[in-house]
1. Identify the single condition in (1) under 25 Å from Ala196 (Cα atoms); (2) under 16 Å from the mean Cα position of the chain (by Cα); (3) not basic (Lys, Arg) that Val167 does not satisfy, given that it satisfies every other one.
2. Considering only residues of the stretch 135-160 that are basic (Lys, Arg) and in a loop (DSSP other than H, G, I, E, B), which is modelled with the highest pLDDT?
3. For Pro73, state whether it is at pLDDT below 95, surrounded by fewer than 23 Cβ atoms within 10 Å (Cβ to Cβ) and over 13 Å from the mean Cα position of the chain (by Cα).
4. Condition first: surrounded by fewer than 17 Cβ atoms within 10 Å (Cβ to Cβ) and over 11 Å from Gly104 (Cα atoms). Now tell me which residues in the stretch 26-40 satisfy that.
5. What about Thr117, is it assigned to a helix (DSSP H, G or I) and surrounded by 15 or more Cβ atoms within 10 Å (Cβ to Cβ)?
6. Which residues, counting only those in the stretch 43-70, are part of a loop (DSSP other than H, G, I, E, B) and surrounded by fewer than 22 Cβ atoms within 10 Å (Cβ to Cβ)?
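The values are calculated or read from the model by the stated rules, or taken from the named source; none is laboratory data. Computed from a predicted model, the values in this text were never measured in an experiment. For neighbour counting, all protein chains shown are included, and Cβ atoms are generated from backbone atoms with ideal geometry for every residue, glycine included.
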Amino acid sequence: MTDVLALSTPHGPARAHCLLRPDAPVALVLGHGAGGSVTAPDLQAVTARVVEDGGSVVLVEQPYRVAGKRSAPRAPTLDAAWLAVLQTLRAGPLAGVPRLVCGGRSSGARVACRTATAVGADAVLCLAFPLQPPPRRSGPAPSRQPELDAAGVPVLVVQGESDRFGVPAPDPDRAREVVVVAGDHGLKRDVAGTAAIVAAWLARTVGPGA
């Protein structure tokens, strides 16, 4: 059963879809893509697998999506809302959960990387990280590589081999793993396979004895 909570943030109410397991050893908090929603196939598949394995999952809708808008605000606004949501979750539904993993797909993955240290995440999951945005009229857009590098915790990136935003490189020194799968930025071709990759990474990164 999913509990849906309205959570206050500095930029309006967010919505948290909570699938909580008693005595869960890990909680996974995931955000959506810039113009997408928490119903994205990869988010749903990962959620189902983690809950099946005994973990708790919270899918977070940013305030702009709750308000019915499709265009995402700037990064500081997204980050501030995410920080407020995590503060409420950790003081309430996720209080006492031993390990916290934050993440999301595309824009949600970027938010999780930028805020990982601030929320006390043990690891970050990035589904379809948008590494290199399309060029602007004024020239190449800056890479989002610094956001990945600054996460400060173990990171898993699951990326489609033909993702139009490119594929990040793994970095053992930063405990960053990158798994390339068939498909594009949508990661729709094999969502069960993506979920299995995530489950295996969680087990060895934040599971018992990790």
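1. (2)
2. Arg144
3. The answer is no for Pro73.
4. Gly35, Thr39
5. no
6. Asp53, Gly54, Ala67, Gly68, Lys69, Arg70
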